[in-house]
């Protein structure tokens with residue numbers, strides 16, 4: 001489960017950073033600071049995915065912070081571009097982030113050593 005969580009976080013970070021970079025160099029849809037923050041949070045999530053994979057203490061907390069930052073910026077983006085915040089896409093994004101965190105938590109637990117002769 002841990003490799004799946006870290007791969008999901010890495011792809012989510014790359015997707016967010018790439019979308020923000022395209023917006024920074026292309027047609028401006030949002031303010032500069034919002035696109036720059038999305039790009040930075042995407043890179044932080046990409047780094048945190050590697051830290052989660054190697055079970056470094058604080059790696060999951062860093063990933064959760066980046067996921068919350070990306071969620072906040074998604075709300076900002078929806079309010080500006082759509083004129084309103086639609087609940088279902090935001091819930092889906094939050095559920096995806098929560099699923100990644102749950103997979104990382106469950107996959108990062110250390111199993112107790114097995115005694116010989118016992119299943």
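Which of rounded, prolate, oblate describes the chain, given a ≥ b ≥ c as roots of the alpha-carbon gyration tensor eigenvalues and a/c under 1.5 marking rounded, otherwise prolate only if a/b is larger than b/c? Intermediate results must be reported in sequence, preceding the final value.
Numbers: a/c = 3.54, a/b = 2.27, b/c = 1.56.
Prolate is the answer for the chain, as a/c is 1.5 or above and a/b outweighs b/c.
Which one of 43, 81, 24 has the biggest mean-square fluctuation once the chain is modelled by GNM with Cα springs under 10 Å?
Fluctuation is largest for 81.
Given an 8 Å cut-off on Cα distances and at least 6 residues of separation, report the relative contact order of region 14-119 as a percent.
It rounds to 21 percent for region 14-119.
If you line up the long axis of helix 2-25 against the longest principal axis of the chain, both from Cα atoms, how many degrees apart are they, to the nearest 10?
Its long axis makes an angle of about 10 degrees.
Against the longest alpha carbon principal axis of the chain, how many degrees, from 0 to 90 and to the nearest 10, is the axis of helix 87-107 turned?
30
Given a Förster distance of 25 angstrom, what is the FRET efficiency for residue 79 paired with residue 105, based on the Cβ-Cβ distance and rounded to 0.05?
Calculated value: 0.20.
Taking the chain as the reference, fit the longest principal axis to its C-alpha atoms, fit the long axis of helix 32-53 to the helix C-alpha atoms, and give the angle between the two in degrees, 0 to 90, nearest 10.
The angle comes out near 10 degrees.
With the crude spin-label approximation of a point 7 Å out along Cα→Cβ, what separation in nm comes out for residue 50 versus residue 24?
Distance between the two pseudo-spin positions: 1.8 nm.
So if the hydrodynamic radius of region 18-67 is defined as the Kirkwood radius over C-alpha pairs, what does Stokes-Einstein give as its diffusion coefficient at 25 °C and 0.890 mPa s, in µm² per second?
For these conditions, the coefficient is 213 µm²/s.
How many angstrom separate the Cα center of region 58-96 from the Cα center of region 1-19?
14
Sorted from fewest to most neighbouring beta carbons within 10 Å, what does the list 62, 88 look like?
Ordered from fewest to most neighbouring Cβ atoms within 10 Å, 62, 88 come out as 88, 62.
All of the numbers you see were taken from the coordinates with simple rules; none came from a lab. This structure is a prediction, so every number in the text was calculated from the model and none was measured. Note: ideal-geometry Cβ built from the backbone for every residue, glycine included; neighbour counts use all protein chains shown.
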